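The values are calculated or read from the model by the stated rules, or taken from the named source; none is laboratory data. None of these values were measured; they are calculated from a predicted model. Reconstructed Cβ throughout: ideal geometry from the backbone, glycine too, with neighbour counts over all protein chains shown.
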Amino acid sequence: MRIRDARDTDLPEILAIHNDAVLTTTAIWNSTPVDLADRQAWLAARRAAGYPVLVAERDGLVAGYASFGDWRAWEGYRFTVENSIYIRADQRGHGIGSALLAPLVGAAAALGKHVMVAGIEAGNEASIRLHRRHGFEMAGHFREVGQKFGRWLDLVFLQRSLAT
């Protein structure tokens, strides 16, 4: 497996991973799949902000991707970012999330960010464990703040200081 910066040619595979998460998981709280133009705009926005989009390449395929973006729009939050990590369904449980999260944390620190947060559906124990293994601590639990698949969802926030 190789972790590298995403290329424009990776977008169809990133799109497939994203839309699978939309349609089959509570990792993304949208119900409508997006198109390639949406992912192109997303990648362009990340690049314009100077934020990385990393992919895990395994056997020539994108097995997962990760990025971070601004946590909140106001200037006072400019040193805090929120991460996103998505793994292809048939590749989950093979250490890809961990392989993506470590360099993502390093990239945020290198950009002078102070804190990285992760907003995770409370029932996603695998993602919570992943973040805890990488030094994230529980910061909050919001009950029934979202809905998907006909049920209310809780959102937990974990955070990690990036200060050295």
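In segment 123-152, the residues that are at negative phi and modelled with pLDDT of 95 or more reach residues that are in a helix (DSSP H, G or I) and among the β-branched types (Val, Ile, Thr) with C-beta atoms within less than 8 angstrom, at least six apart or across chains, in these pairs: HIS134/VAL105. Filter segment 1-24 down to residues that are in a helix (DSSP H, G or I) and among the hydrophobic types (A, V, I, L, M, F, W, C) and give me whichever is surrounded by the fewest Cβ atoms within 10 Å (Cβ to Cβ). Looking at the filtered set, the residue picked out is LEU23. Just checking, which of GLU137, GLU144, GLU125 is surrounded by fewer than 13 Cβ atoms within 10 Å (Cβ to Cβ) and farther than 27 Å from LEU23 by Cβ? None of the others qualify; the one that does is GLU137. For beta carbons closer than 8 Å, sequence separation of 6+ or different chains, a first residue in segment 19-31 that is within 10 Å of PHE149 (Cβ to Cβ) and a second that is of a type in the set (Val, Ile, Thr) and in a helix (DSSP H, G or I), the qualifying pairs are SER31/VAL22. May I ask you to verify whether LEU11 is of a type outside the set (Asp, Glu) and in contact with a Lys or Arg (Cβ under 8 Å, 6 or more places away or on another chain)? Judged against the criteria, LEU11 is a match.
Give segment 11-44 a look and list any residue that's of a type in the set (D, E, K, R) and either under 16 Å from the mean Cα position of the chain (by Cα) or modelled with pLDDT under 95 (or both), or say none. Passing the criteria: GLU13, ASP20, ARG39.
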